[in-house]
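The values are calculated or read from the model by the stated rules, or taken from the named source; none is laboratory data. Note that the structure is a prediction, hence the values are computed from the model and not measured. Quick reminder, even Gly has a Cβ in these numbers, built from the backbone with ideal geometry, and neighbours come from all protein chains shown. The area values use the complete protein model at the heavy-atom level, side chains included, leaving out ligands, DNA and RNA. Shrake-Rupley method; radii C 1.70, N 1.55, O 1.52, S 1.80 Å.
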Amino acid sequence: MRVVTWQAIETLSLDEVDAPVCGPSDVVLSVGACGICGSDVHSYTEGVWIAPGVPLGHEYAGTVTAVGSDVAGLRVGDRVAVNPAAPCGSCPRCSEGRQNLCSGGSGHSGGFGDQVLVRNAVSGQHLFVLPGDFPLEEACFLEPLSVAVRAVHHAAPALDEPILVFGLGTIGQCVVQVLLAAGARDVIVVDTSQRRLTAAMSAGAHEALNPSSDDVGASLFASRGTTSSPYQPRSGAIGAVFECSGAAPVLPLAFSLARAAAPIAAIALAAHPLSIPVDDLVQKELRLLGSFAYTPRDCQEAFDLLVSRRVDVRPLISHRFALADITAAFEAQRDTGASIKVVVSP
Ligand SMILES: [Zn+2]
Ligand SMILES: [Zn+2]
C-alpha cells in the first residue's frame, strides 16, 4: 500500500509500505477520502509540527477491511468517519473533561494513504458508523467540524447579538454553520477571498465584508452601532468574535469592535507572535479564549450535525485530487484565494 510522508519543506513522498496488520483491539480501514488541514499546509510550507518520515493526514473516512477479535460494534464493510484524537483518559486534563488538552494520548494519522490502522479502536469514540450511503468525502469533515463545535461551545456567544467570524477556511466556514444551526441571528463574515465569502453567504451568513475593498471597522461601527463602558467610551457592538484567520490586524480590530465582556475566541494558529491592545482587553473585561482541538463530546455533536446535514459541508469541497497527485493537492490547498477544502482520495 501507499502512504504520504513529510520529508522536508515543500517535499512530500508517496512511499510503498507493508499493509497494516490488525491486532485484536485494532481496526484497519481502506481510506475513501482525506481532507488537507490548515495545519498540514503549515507543516508542508514551514516544517512545523512534523518530522521527516512522519505520515500526514488526520481528516479521513473510509471502509472497514479488518476488525480485531476484541473490538465490539464494528464489522468489515462498515463505512466510518474517524476521530483521530486518542486522549489517554486518565490524566488531570482528561479527568476534568478537557481531553483536547491531553498530552499523553496518541493520534491516528496516515489518512493520505491506501489503508490506516486504528489501534485500540472503539466504536462511537474513534470510529463513527455512517448512515446509509452518506459520502465519505463529507464524512472526512468530522475532525474540522469538531474543532468548530468546540470553539462555539467554549465561547458560548449570545445568539441574538452580532457575531463576527474572521477567516473562512474550513474551520471558519464550519464555525459559521455551527452558529447558524444553533440559532445565531446576525453572523458577519470577513475574508479576502470572494469565493470563501460567497460560500459562507450561501450557507446563511447575514453579511460579508472583504478587507481588500471594505473598511471592516468603519462599516460595522456604522451598521451595528457603538457601546460604551468605563474608560472605553466608543466601542463597537459586536457580541462575540471568532478569529479563524491568523492574520495580524484581526485581534486589535476585534478588540475595538467588541462590546464589553464579549468573548473573543482565537482558533487560528499564527506563525508569528501577534500584538494585542491590552487596555481594551482589561478595561472591557474581554474574554480572550484560546480554543484548541475538541473533546469527545464535541466530536459526537459534530457527527450528529454532519450526518443530519444541519451543517452541510458539500459546498466547501473546492478541489478533489488522487493520492498520486498529493503535491498538486497541497499546492491547491495553499492557494487560499481559490480553495476552501481540498479532498484527496486513494
Ligand atoms: Zn485538521
Ligand atoms: Zn489525558
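Averaging 1/r over each pair of different alpha-carbon atoms in the chain and inverting the result gives 20.8 Å, the Kirkwood hydrodynamic radius. In the chain, helices alone account for a calculated mean residue ellipticity at 222 nm of -8000 deg cm²/dmol, with every DSSP H run of four or more residues adding -39,500 (n - 2.57). Return the whole-Å distance between the Cα centroid of the range 118-171 and the Cα centroid of the range 322-339. Centre-to-centre (Cα) distance: 22 Å.
Solvent-accessible surface of protein heavy atoms, probed at 1.4 angstrom with all chains present, puts 59, 301 in the order 301, 59, largest first. Of the accessible area of the chain, computed with a 1.4 Å probe over protein heavy atoms only, carbon and sulfur atoms account for 52 percent. Long hydrophobic helices in the chain, taken as whole DSSP H segments with a C-alpha length of 15 Å or more on their own axis and mean Kyte-Doolittle hydropathy at least -0.5: 142-155, 170-182, 296-307. Take the Cα of residue 195, step 7 Å toward its Cβ, do the same at residue 54, and the gap between the two points is 2.8 nm. Once you list every other residue whose beta carbon is under 14 Å from the beta carbon of residue 171, what net charge do they have if Lys and Arg are +1 and Asp and Glu are -1? Around residue 171, the charge tally is -3.
Under 5 Å from the amide H of residue 240 lie the amide H atoms of 164, each residue being 5 or more positions distant or on a separate chain, with H modelled from the backbone and absent for Pro and chain starts.
At a temperature of 25 °C and a viscosity of 0.890 mPa s, determine how fast the range 139-243 diffuses translationally according to Stokes-Einstein, using the Kirkwood radius over alpha-carbon pairs as Rh; express D in µm²/s, rounded to the nearest whole number. Spell out each step's value before the answer.
On the way: Rh = 14.1 Å.
Rounded to a whole number, D works out at 174 µm²/s.
Output the antiparallel fraction of DSSP beta bridges having both residues in the chain, as a percent to the nearest 5. The partial results should precede the final answer.
Values: 31 of 56 bridges.
About 55 percent, rounded to the nearest 5.
For the range 5-95, applying the loop criterion from DSSP together with a ceiling of 15 other beta carbons within 10 Å to the trypsin sites (Lys or Arg not before Pro) yields 75. For residue 59, the residues 5 or more places off, or on other chains, whose built amide H falls under 5 Å of its own are 35. Summarising the label geometry, the points placed 7 Å from Cα in the beta-carbon direction at residue 289 and residue 16 lie 5.1 nm from one another. When 146, 223, 90 are compared by accessible surface with a 1.4 Å probe, the order from highest to lowest is 90, 223, 146.
Structural descriptor for the chain: relative contact order 18 percent, calculated from alpha carbon pairs under 8 angstrom and at least 6 residues apart.
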